[in-house]
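**Q** Before anything else, here's the structure in question.
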Amino acid sequence: MLELNIENPDELVLVAHALSTDLRVNIIQLLNTKKLNINEIADALQIPVSTAASNVKILEKARLIETELLPATRGAMKVCTRTYHDIHIILNSQFYHVQPDKNCYEIEMPIGYFTNCQVSPTCGMANTEKMIIQEDSPAGFFHPDRFSAQIIWFRKGFVDYRFPLELPKGAKIQSIQFSFEICSEAPNYDNNWPSDISFWVNGVDVGTWTSPGDFGGRKGKLNPGWWQEFSTQFGLLKTLSVDGTMTAIDNVQVSSVNLHQLVLGNNSFIDLRLGVKDDATHKGGINLFGNKFGDYEQGIVMKVFYTVK
């Protein structure tokens, strides 16, 4: 996700300009599923090669695509790849900043440290060196080697995580936030494969987000060399947050569930479940990425914002 802030207007204007014409939007759409060189873009849109090249340059300057020179029959060709799936524009930055009087408790959970699971094929897990378990073996999810997992996938079911909560005496929680890299689960990969992924906090169903696809077509930035290119490569970095009024994903409300309904009390832990419901409209599965797979160097990060009396 590309995050733009009104406090940095130069970058915001650059991206807005890059997306201000139908032609450049069409180029982005062409790159949704595969890499293309300049000639292929020109042919697909029936425009001169020079026009395609000049517009690609504008998109590249705005960091919306990246290009690389690869050998061709004659010389080299410039191959284009789309870099982001989402653009988030913050117009009121004060709304998103943690207030000075708030403290933050933060902890990162490796994705293999789940406390319980119930999964259905297709399913599996791998670390940076190899496949950990036999593919499509739900029983293998309880193998001790799961603690080294850097990518986990399953079509239906759930995984549970328990986060320790160590706050000072008198702390009053203002909001809870979880962030993780995630996407759908399709055979090999499919950039257009929706999945309704649901989330539970302390056993309370807080909301559902529809992942647009199981992403591939380019190598995940952190993926080890042995990971095959026709497999899932990367996900989207999503942020789930619950405060006193609602639950949101990437600051967009998904439900009216609030902190009070989570019944935190004096618990010394917080539970998080990620799953695909049996009655989901899009049963497209889950890929969950660790800090050495995909595009983002993190596992599941929990942040608890609080004040102290």
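The values are calculated or read from the model by the stated rules, or taken from the named source; none is laboratory data. As the structure is a computational prediction, the values presented were derived from the model and not from experiment. Neighbour counts are summed over all protein chains in view; Cβ atoms, including those assigned to glycine, are modelled from backbone coordinates with ideal geometry. Surface areas here come from the heavy atoms of the whole protein model, side chains and all, with no ligands, DNA or RNA. Shrake-Rupley method; radii C 1.70, N 1.55, O 1.52, S 1.80 Å.
**Q** How would 269, 180 line up by accessible area, probe 1.4 Å, largest first?
**A** Values: 269 60, 180 0 Å².
From most exposed to least exposed: 269, 180.
**Q** Restricting the count to DSSP beta bridges whose residues both fall in the chain, what percent are antiparallel, rounded to a multiple of 5?
**A** The antiparallel proportion sits near 95 percent.
**Q** Shifting gears a bit: How long, wide and thick is region 214-298, going by the Cα atoms along their three principal axes, in whole angstroms, largest first?
**A** Dimensions of region 214-298 along the principal axes of its Cα atoms: 46, 31, 22 Å.
**Q** Which pairs, out of 34/130; 169/277; 277/303; 35/292; 61/283; 156/309, put more than 32 Å between their alpha-carbon atoms?
**A** Too far apart for the 32 Å limit: 169/277; 61/283; 156/309.
**Q** Charges at C-beta only: +1 for Lys and Arg, -1 for Asp and Glu. How large is the resulting dipole of region 186-309 about its Cα centre, in Debye rounded to 20?
**A** The calculated dipole for region 186-309 is roughly 340 debye.
**Q** Out of residues 5 or more away from residue 165 or on other chains, whose amide H comes under 5 Å of its own, with H placed 1.01 Å from N in the peptide plane?
**A** For residue 165, the qualifying residues are 269, 270.
**Q** I'd like the distance separating the alpha-carbon centroids of region 15-39 and region 261-309, in whole Å.
**A** Rounded to whole Å, the Cα centres lie 33 Å apart.
**Q** Counting pairs of alpha carbon atoms under 8 Å apart in space and at least six apart in sequence, what relative contact order in percent does region 119-165 give?
**A** Details: 74 pairs, mean separation 21.3, N = 47.
Once divided by the residue count of region 119-165, the mean separation gives 45 percent.
**Q** Can you give the relative contact order of region 123-242 as a percent, counting alpha carbon pairs under 8 Å and 6+ residues apart?
**A** Details: 189 pairs, mean separation 27.6, N = 120.
Relative contact order comes out at 23 percent.
**Q** Just to confirm the number: angle between the C-alpha axis of helix 49-61 and the first principal axis of the chain, 0 to 90 degrees, nearest 10?
**A** The angle comes out near 30 degrees.
**Q** Tell me whether region 1-149 comes out rounded, prolate or oblate; compute the Cα gyration tensor, take square roots of the eigenvalues as a ≥ b ≥ c, and use a/c under 1.5 as the rounded threshold.
**A** The shape class here is oblate.
**Q** Sticking with this one: Say the dipole of region 184-309 comes from +1 at the beta carbon of Lys and Arg and -1 at that of Asp and Glu; which of 203, 242, 304 then lies farthest toward its positive end?
**A** 304
**Q** Next question, about the same structure. How about residue 57: which aspartates and glutamates have a C-alpha closer than 13 Å to its C-alpha, ignoring those fewer than 8 places off in the same chain?
**A** 66, 68
**Q** While we're here: Packing-wise, with mean Cβ within 10 Å as the measure, how do 59-66, 219-226, 234-241 rank, highest first? Show your work: numbers first, answer last.
**A** Working: 59-66: 18.0, 219-226: 15.2, 234-241: 21.2.
Top to bottom by mean Cβ count within 10 Å: 234-241, 59-66, 219-226.
**Q** Quick check: with the 1.4 Å probe, what order do 88, 143 take by accessible area, largest first?
**A** Descending accessible area places them as 143, 88.
**Q** When ligands, DNA and RNA are left out and all protein chains stay put, how many square angstrom of accessible area per residue does the chain have with a 1.4 Å probe?
**A** Working: 15510 Å² over 309 residues.
Using a 1.4 Å probe on heavy atoms only, each residue of the chain averages 50 Å².
**Q** Right, here's the next one. Taking amide H positions as placed 1.01 Å from N in the peptide plane, with prolines and chain starts having none, which residues 5 or more places from residue 157, or on another chain, fall under 5 Å of its amide H?
**A** 276
**Q** For a quick check: with amide H placed at 1.01 Å from N, whose amide H comes under 5 Å from residue 234's, ignoring anything fewer than 5 positions away on the same chain?
**A** Placed amide hydrogens put 215 under 5 Å from residue 234.
**Q** Suppose we take every Cα in region 74-217 and form the convex hull; what volume per residue is that in Å³?
**A** 203 Å³
**Q** What ratio of Cα Rg to 2.2 N^0.38 Å holds for region 32-81?
**A** Scaled against compact globular proteins, the figure is 1.08.
**Q** Please list, in order along region 8-16, the HN-Hα scalar couplings obtained from phi with the Karplus expression 6.51 cos²θ - 1.76 cosθ + 1.60 (θ = phi - 60°), rounded to whole Hz, x for Gly and Pro.
**A** For region 8-16, the Karplus curve yields 10, x, 4, 5, 4, 5, 4, 5, 4 Hz.
**Q** While we're on this one: Do you know the relative contact order of the chain, to the nearest whole percent, from alpha carbon pairs under 8 angstrom that are 6+ apart? Present the calculation step by step, with values, prior to reporting the outcome.
**A** Details: 721 pairs, mean separation 64.8, N = 309.
After rounding, I find 21 percent.
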